[in-house]
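Written out below as C-alpha cells is the structure these notes cover.
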Amino acid sequence: MQKKSPGPIDRHIGNRVRLRRMSIGMSQERLGEALGLTFQQVQKYEKGTNRIGAGRLLAVAKILGVGIEFFFEGLPELEPSGDPGERIMNAFMLVPESERLVRSFMRLPDGEARRKVVDLVDWLASSR
C-alpha cells in the first residue's frame, strides 16, 4: 500500500499549528520537545510537508491549549463562505518571513513605533 502524500488539508492544519504556536509565543523547538520530536519535524508538519496523525494532532492540541477543532477552522470544505480576513492571516502565516516579522513587531513598545511599522507596510503595499 502506497503512503498518501500530504495535500491542501494537511497544509491548512500545519498552518493552524503554526498560527497557534506563534500566537502563544512558543518556539518550534519547545513544541518539538513536548512532542518528543525535533524542531525539523515540527517544521515539516507546519509546512504540510508531512502529515500529522490523529493521535499526534490531539497531543499538539493539548500542548497548544486548543480543542482539536481549531485546526480545521477555516477549511473551505467545512465553511463554504470562509472569512476573507482569516484566509489572509492563514496565507500570511505560510510566508517564511512571517514569524520573524511577528516576533520583531511584538518586541516593539506599544504606540508610535508599532504605528510607524504598520504605516510603512501599508505604504510599501500600496506602491506595488
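The values are calculated or read from the model by the stated rules, or taken from the named source; none is laboratory data. Note that the structure is a prediction, hence the values are computed from the model and not measured. Here Cβ is always computed from backbone atoms with ideal geometry, including for glycine, and neighbour counts include all displayed protein chains. Areas reflect the complete protein model, heavy atoms only, side chains present, ligands, DNA and RNA absent. Shrake-Rupley method; radii C 1.70, N 1.55, O 1.52, S 1.80 Å.
Listing for the model above:
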quantity: Failed condition for VAL118, given (1) part of a helix (DSSP H, G or I); (2) hydrophobic (A, V, I, L, M, F, W, C); (3) at pLDDT below 90; calculated: (3)
quantity: Pair list, Cβ under 7 Å, 6 or more apart: region 88-102 residue within 13 Å of GLY74 (Cβ to Cβ), other residue open to solvent by less than 60 Å² (accessible area, probe 1.4 Å) and not in a helix (DSSP H, G or I); calculated: ASN90/GLY74
quantity: Residue check, GLU33 loosely packed, with under 13 Cβ neighbours inside 10 Å and either at pLDDT below 90 or assigned to a helix (DSSP H, G or I) (or both); calculated: no
quantity: Residues satisfying the stated conditions in region 38-52, i.e. part of a loop (DSSP other than H, G, I, E, B), open to solvent by 40 Å² or more (accessible area, probe 1.4 Å) and farther than 17 Å from ASN90 by Cα; calculated: THR38, ASN50, ARG51
quantity: Qualifying position, being under 26 Å from THR49 (Cα atoms), open to solvent by 50 Å² or more (accessible area, probe 1.4 Å), in a helix (DSSP H, G or I) and at pLDDT below 80, among MET89, MET93; calculated: MET89
